[in-house]
């Protein structure tokens, strides 16, 4: 299947959906993205939903009260947007996406003042950092790679882990760079596997990632953990056979990820960092991320819309009814 590419979080799959079912979406009874706005009328950031009328005691407003994700904005294709956890204050952060070039896979810096994202184009993709104050963009980071993206900030904001594909061999690896985007180091050149979806431990000493390999019978993808300097990996085999999109809990004890649900479909699971049996939290959910205080989760529902729930999977509620969202970060 197209969307089971080793770099499984690529929103390219959603682009295919957007381009092939656009006509059907016009008849969807749910809210649809706004009509395109001429470029000369755009002033970033674009506020797409009103600010809340004050503190809402029942809403999970916590430190880092903006959720970052890829979803519908003012253009025909999705853009990078932010939204409050109560569903208000939706704001567009990029503009100008086309089929030939678009921004994907956004990631918050720890201070929520910068966004790293992949500027995907026919050349494969470039890492880009946007400063929220003044909308200034900082350099691109191709590093001589054929493809790169899926950036994740270290907890101190001094490093970025990302997925890079060298022209030869073409296996995806986990790389490290700094926000200057000048040089990069491959952490997994010795692994004959497809490695993607990096996420940092809260202390910045370890990285969990999707580790896909051939077990002699078929392809298998499970989570694995390694030091922030590379070296030996610690597999979490109970997360297979098709684990993706891990996110380390703020207390360092648990990893949230997307995996296969018994009987079919995908869902959100947690697994102890030391290994053990996974716990299914939300069948049908994908692309989960923890709130900074670990009390809540944001995720994409089976309908492609954005939701927030308590950390145990209970009390889920819709925050963006737009039909196509992906890769949220909190």
Worksheet item: Just to be sure, is residue 176 surrounded by fewer than 22 Cβ atoms within 10 Å (Cβ to Cβ), under 18 Å from the mean Cα position of the chain (by Cα) and either in contact (Cβ under 8 Å) with a residue 40 or more places away in the chain or not in a loop (DSSP other than H, G, I, E, B) (or both)?
Response: yes
Discussion item. Just to be sure before I move on: is residue 280 assigned to a strand (DSSP E or B) and either surrounded by 20 or more Cβ atoms within 10 Å (Cβ to Cβ) or at pLDDT 95 or above (or both) in the structure I sent?
Written reply: yes
Discussion item. Suppose the filter is touching a residue at least 60 places away in the same chain (Cβ under 8 Å), farther than 16 Å from residue 253 by Cα and either part of a loop (DSSP other than H, G, I, E, B) or in contact with a helix residue (DSSP H, G or I) (Cβ under 6 Å, 6 or more places away or on another chain) (or both); does residue 323 pass it?
Written reply: yes
Fill in: Condition met for residue 273 (surrounded by fewer than 20 Cβ atoms within 10 Å (Cβ to Cβ), within 26 Å of residue 111 (Cα to Cα) and either out of contact with any helix residue (DSSP H, G or I) (no Cβ under 8 Å at 6 or more places or on another chain) or in contact (Cβ under 8 Å) with a residue 40 or more places away in the chain (or both))
yes
Worksheet item: Regarding residue 136, is this residue within 20 Å of the chain's Cα centre (by Cα) and either at pLDDT below 90 or buried (at least 23 other Cβ atoms within 10 Å of the Cβ) (or both)?
Response: no
Worksheet item: residue 232: at pLDDT 95 or above and part of a loop (DSSP other than H, G, I, E, B), yes or no?
Response: no
Discussion item. On the basis of being surrounded by fewer than 17 Cβ atoms within 10 Å (Cβ to Cβ), touching a strand residue (DSSP E or B) at 6+ places or on another chain (Cβ under 8 Å), within 19 Å of residue 109 (Cβ to Cβ) and touching a residue at least 24 places away in the same chain (Cβ under 8 Å), does residue 202 make the cut?
Written reply: yes
Worksheet item: Only one of (1) on the phi < 0 side of the Ramachandran plot; (2) in contact (Cβ under 8 Å) with a residue 40 or more places away in the chain; (3) part of a strand (DSSP E or B) fails for residue 117. Which number is that?
Response: (2)
Discussion item. Suppose we filter region 225-240 for residues that are under 17 Å from residue 268 (Cα atoms) and within 20 Å of the chain's Cα centre (by Cα); how many remain?
Written reply: 2
Worksheet, complete the sentence: Out of (1) more than 15 Å from residue 325 (Cα to Cα); (2) in contact with a strand residue (DSSP E or B) (Cβ under 9 Å, 6 or more places away or on another chain); (3) at pLDDT below 85, the one residue 129 does not meet is (3)
Worksheet item: How many residues are more than 20 Å from residue 220 (Cα to Cα) and in contact with a helix residue (DSSP H, G or I) (Cβ under 9 Å, 6 or more places away or on another chain) when one looks only at region 232-256?
Response: 0
Fill in: Unmet criterion (only one of (1) assigned to a strand (DSSP E or B); (2) farther than 16 Å from residue 65 by Cα; (3) at pLDDT below 95) for residue 309
(2)
Worksheet entry | Which numbered condition residue 262 misses (of (1) at pLDDT 95 or above; (2) over 15 Å from the mean Cα position of the chain (by Cα); (3) under 20 Å from residue 312 (Cβ atoms)) | (1)
Worksheet item: On the given criteria, is residue 293 surrounded by 14 or more Cβ atoms within 10 Å (Cβ to Cβ), in contact (Cβ under 8 Å) with a residue 12 or more places away in the chain and either out of contact with any strand residue (DSSP E or B) (no Cβ under 9 Å at 6 or more places or on another chain) or not in a strand (DSSP E or B) (or both)?
Response: yes
Item to complete: Determine, yes or no, whether residue 155 is in a loop (DSSP other than H, G, I, E, B) and within 17 Å of the chain's Cα centre (by Cα).
Response: yes
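The values are calculated or read from the model by the stated rules, or taken from the named source; none is laboratory data. Because the structure is predicted, anything quoted here is derived from the model rather than measured. Quick reminder, even Gly has a Cβ in these numbers, built from the backbone with ideal geometry, and neighbours come from all protein chains shown.
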